[in-house]
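Only one structure is covered here, and it is reproduced in the block below.
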Amino acid sequence: MALQLGDTVPNFTQDSTEGVINFYDWAGDSWVVLFSHPKDFTPVCTTELGTVARLKPEFDKRNAKVIALSVDDSDSHRSWVGDIEETQKATMNYPILADPDRKVSDLYGMIHPNANNTLTVRSVFIIDPQKKLRLTFTYPASTGRNFDEILRVIDSLQLTDNYSVATPADWKDGGDCVVVPSIPTEEAKQKFPKGVTEVKPYLRLTPQPNK
């Protein structure tokens, strides 16, 4: 059964470049971005891992931990880290899970047989502090991920969890938000003192409430 949004993600204990990790214990009360890679020493993955290392302060600001996974073992991962740091001019500052037994790949549905029956696809799982799956992306092995988009999604999830708003197309932190349909306009005007613009009765905009 594939993981679906809102599901509690499964726990696991697996080796990594930073030692054995029990996922729930490691995650603690943080958000988590778990992202998988087809295998070690692959070119697109090398650029992705370096990009995330450089962006780690941005994830830290959002109380989000990052953790990668590849189906090779930890010794292979550690050798690969040297290449990543050399070519991407970045210091690896987060763990890469080993998954030679495909335990995590199978738990999280990372192997898509019609794409490749041995390698994980480029999956992204955003998991909240309650261990609920909040978002998934799945990319083909040939396409590198946009990690600015992943940060944008975390911003949206954290905002909309705490305020009665949704975020429109192409929203970025600081942009106007959509008032959720369940709130009547007159009530919304009280709730959002920065103002409510009624474009249509079902489409009301308000400045981002936590800015």
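Can you find a residue that is in contact with a helix residue (DSSP H, G or I) (Cβ under 9 Å, 6 or more places away or on another chain), among the charged types (D, E, K, R), modelled with pLDDT of 95 or more and surrounded by 14 or more Cβ atoms within 10 Å (Cβ to Cβ) anywhere in region 193-208?
Within region 193-208 (the criterion being in contact with a helix residue (DSSP H, G or I) (Cβ under 9 Å, 6 or more places away or on another chain), among the charged types (D, E, K, R), modelled with pLDDT of 95 or more and surrounded by 14 or more Cβ atoms within 10 Å (Cβ to Cβ)), the answer is yes, since at least one residue qualifies.
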| query | Does residue 188 satisfy the condition of being more than 30 Å from residue 71 (Cα to Cα), outside the structural domain of residue 53 (by TED's automatic domain parsing), surrounded by 15 or more Cβ atoms within 10 Å (Cβ to Cβ) and not acidic (Asp, Glu)? | reply | yes
| task | Please work out if residue 64 is within 20 Å of residue 135 (Cβ to Cβ) and assigned by TED's automatic domain parsing to the domain that holds residue 141. | result | yes
| task | Report, ordered by the first and then the second residue, all pairs with beta carbons closer than 6 Å, sequence separation of six or more or different chains, a first member in region 161-184 that is at positive phi, and a second member that is charged (D, E, K, R) and assigned to a loop (DSSP other than H, G, I, E, B). | result | 174/211
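Residue by residue, here is whether (1) touching a Ser or Thr at 6+ places or on another chain (Cβ under 7 Å); (2) of a type in the set (Val, Ile, Thr); (3) under 26 Å from residue 3 (Cα atoms) holds:
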position: 43; (1), (2), (3): no, no, no
position: 47; (1), (2), (3): no, yes, no
position: 64; (1), (2), (3): yes, no, yes
position: 71; (1), (2), (3): yes, yes, yes
position: 85; (1), (2), (3): yes, no, no
position: 97; (1), (2), (3): yes, no, yes
position: 105; (1), (2), (3): yes, no, yes
position: 129; (1), (2), (3): yes, no, yes
position: 152; (1), (2), (3): no, no, yes
| task | Considering only residues that are part of a strand (DSSP E or B) and of a type in the set (A, V, I, L, M), look in region 160-211 and name the one that is farthest from the chain's Cα centre (by Cα). | result | 199
| Selected residue [closer than 17 Å to residue 153 by Cα, modelled with pLDDT of 95 or more and surrounded by 17 or more Cβ atoms within 10 Å (Cβ to Cβ)] from 64, 90 | 64
| query | Which members of region 134-145 meet the condition of being under 14 Å from residue 37 (Cα atoms) and of a type outside the set (A, V, I, L, M, F, W, C)? | reply | 138, 139, 140, 142, 143, 144, 145
| query | Which of the residues that make up region 27-48 are buried (at least 18 other Cβ atoms within 10 Å of the Cβ) and not in a strand (DSSP E or B)? | reply | 27, 38, 40, 45, 46, 48
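The values are calculated or read from the model by the stated rules, or taken from the named source; none is laboratory data. Predicted model only: the values in this text are computed from it and were never measured. Here Cβ is always computed from backbone atoms with ideal geometry, including for glycine, and neighbour counts include all displayed protein chains.
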